[in-house]
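Report on the following structure.
The values are calculated or read from the model by the stated rules, or taken from the named source; none is laboratory data. What you are looking at is a predicted structure, and each value in this text was computed from that prediction instead of being measured. Neighbour counts run over all protein chains shown; Cβ positions are idealised from the backbone, glycine included. The area values use the complete protein model at the heavy-atom level, side chains included, leaving out ligands, DNA and RNA. Shrake-Rupley method; radii C 1.70, N 1.55, O 1.52, S 1.80 Å.
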Amino acid sequence: MKVNAYKELIVAMVRTGILGFGGGPSVIPLIRHEAVSRYKWIEDDEFGEILAIANALPGPIATKMAAYLGYREKGTLGAIVGVLAHILPTCLSMVILLTVVNVLSYSAAVAGMVSAVMPVIAVMLGLMAYEFAAKAVKGLGKILGCILFIVTFLLLQTIALHPAFVIVIFLAYGTMHFKLKNKWENKNSKSKGLSV
């Protein structure tokens, strides 16, 4: 284990806490960058699994991710350090900003800053979604991947099913996917063998 693991954890979580504008979804690409690209604590596939499980659990997703990464690196104390490093800068910033909220709420500069940040967050989320979609299609195949994307869209947008339920449904399917795939391939190979 690295000697400076606590320092890396604190720096990474402070960065994600300060730069994560707009709540959990905007922080996910930042946490992914720190955990996967910068410090290489985990692989991209494991990050996707953690993200799915964290989405299914109640509470803020960013703090769950910070706790997991801290626990993975340094156990229980690491989880505590990770969560505190992630939330304390934001809490302190909120206390400071709330003292001048009346001035800031009418400021054109602040409104412009908020408007300018929104497209950046949208692009970051879009890139991450594209990368996960590409991996899903690679693992499932183009046809099944597209079908599952459509089913997910319908469940979330048309039926308005809570995202946690959708994640649990697809986690359950994922546990059976390869068994079903092998059964389907065996059935097709037997039917082709009989037809020959």
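Descriptive notes on the structure:
- In the set T90, T76, only one residue is hydroxyl-bearing (S, T, Y) and either touching a residue at least 40 places away in the same chain (Cβ under 8 Å) or not in a helix (DSSP H, G or I) (or both); that residue is T90.
- Screening the candidates G82, G59 for the property of being within 29 Å of Y130 (Cβ to Cβ), small (G, A, S) and in contact (Cβ under 8 Å) with a residue 60 or more places away in the chain yields one hit, G82.
- Residue list for the stretch 101-117, filter: open to solvent by 50 Å² or more (accessible area, probe 1.4 Å), aliphatic (A, V, I, L, M) and either over 26 Å from D44 (Cβ atoms) or assigned to a loop (DSSP other than H, G, I, E, B) (or both): V101, V103, L104, A108, A109, A111, M113, V114, A116
- Verdict on T175 being within 22 Å of E43 (Cβ to Cβ), polar (S, T, N, Q) and either open to solvent by 60 Å² or more (accessible area, probe 1.4 Å) or at pLDDT 85 or above (or both): yes
One line per residue, one yes/no per condition, for (1) more than 17 Å from V27 (Cα to Cα); (2) out of contact with any Leu (no Cβ under 9 Å at 6 or more places or on another chain); (3) buried (at least 19 other Cβ atoms within 10 Å of the Cβ):
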| position | (1), (2), (3) |
| --- | --- |
| A66 | no, no, yes |
| E73 | yes, no, yes |
| H86 | no, yes, yes |
| P89 | no, yes, no |
| V95 | yes, yes, no |
| T99 | yes, yes, no |
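- For the stretch 14-41, filtering for residues that are under 28 Å from H162 (Cβ atoms) and either in contact with a strand residue (DSSP E or B) (Cβ under 9 Å, 6 or more places away or on another chain) or surrounded by 18 or more Cβ atoms within 10 Å (Cβ to Cβ) (or both) leaves 11.
- Boolean, M124 is of a type outside the set (V, I, T), open to solvent by less than 70 Å² (accessible area, probe 1.4 Å), closer than 24 Å to R32 by Cβ and part of a helix (DSSP H, G or I): yes
- Taken over the stretch 154-164, the criterion of being modelled with pLDDT of 90 or more and either in contact with a Gly (Cβ under 7 Å, 6 or more places away or on another chain) or part of a helix (DSSP H, G or I) (or both) is satisfied by L154, L155, L156, Q157, T158.
- Unique residue being surrounded by 11 or more Cβ atoms within 10 Å (Cβ to Cβ) and acidic (D, E) when the list is E185, E131: E131
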